[in-house]
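Enquirer: Handing you this structure, nothing more for now.
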Amino acid sequence: MMCGGDGVADIMGRRFGSSKIPYNRNKSWVGSISMFVFGFFISVGVLYYYSVLGYFQLDWGWTMCRVALVSLVATVVESLPFTTVVDDNISVPLATMIAAYFSFRP
């Protein structure tokens, strides 16, 4: 999420993000949507790569839903206005790990 989603969100938000999120004027809708979309696709790509290599088998219908949920959690946490308390480079990976743990555990 952080390498793809947050990186692209920063670029897209700075370039095209004139419409700000109401509860956090430092974040834009474009950046948040980019965070979700690119984080989702990069995560699916990594899972597909390891699946093709034979490390695990996935039910792709459920996997896509679970990755979408994890991406949504990461996007919401990244958009919250508490970066003065906890940096989003800490809060987003932590929230993502927790969401993925509860989403993907058997």
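Enquirer: Any chance you could count how many residues in the stretch 69-88 are closer than 15 Å to Asp6 by Cα, in contact with a helix residue (DSSP H, G or I) (Cβ under 7 Å, 6 or more places away or on another chain) and not β-branched (Val, Ile, Thr)?
Expert: The total comes to 6.
Enquirer: Now, a different point. Output the residues belonging to the stretch 1-55 that are small (Gly, Ala, Ser), surrounded by 13 or more Cβ atoms within 10 Å (Cβ to Cβ) and in a helix (DSSP H, G or I). Please lay out each step first, then the result.
Expert: Going residue by residue through the stretch 1-55, those that are small (Gly, Ala, Ser) are 4-5, 7, 9, 13, 17-19, 28, 31-32, 34, 39, 43, 45, 51, 54.
Adding the requirement that they be surrounded by 13 or more Cβ atoms within 10 Å (Cβ to Cβ) leaves 4-5, 7, 9, 13, 17, 28, 31-32, 34, 39, 43, 51.
Those that are small (Gly, Ala, Ser), surrounded by 13 or more Cβ atoms within 10 Å (Cβ to Cβ) and in a helix (DSSP H, G or I): Gly4, Gly5, Gly7, Ala9, Gly13, Gly31, Ser32, Ser34, Gly39, Ser43, Ser51.
Enquirer: Of everything in the stretch 64-106, what is surrounded by fewer than 18 Cβ atoms within 10 Å (Cβ to Cβ) and among the polar types (S, T, N, Q)? Give them in sequence order. Please lay out each step first, then the result.
Expert: Taking the stretch 64-106 and keeping what is surrounded by fewer than 18 Cβ atoms within 10 Å (Cβ to Cβ), we get 64-65, 68-69, 72, 76, 80-87, 89-91, 93-94, 97-98, 101-106.
Residues satisfying the conditions are Thr83, Thr84, Asn89, Ser91, Ser103.
Coordinate-derived values only; no laboratory data. A quick note: this is a predicted structure, and the numbers were derived from the prediction, not measured. In this analysis, Cβ positions are derived from the backbone assuming ideal geometry, glycine residues included, and neighbour counts consider all displayed protein chains.
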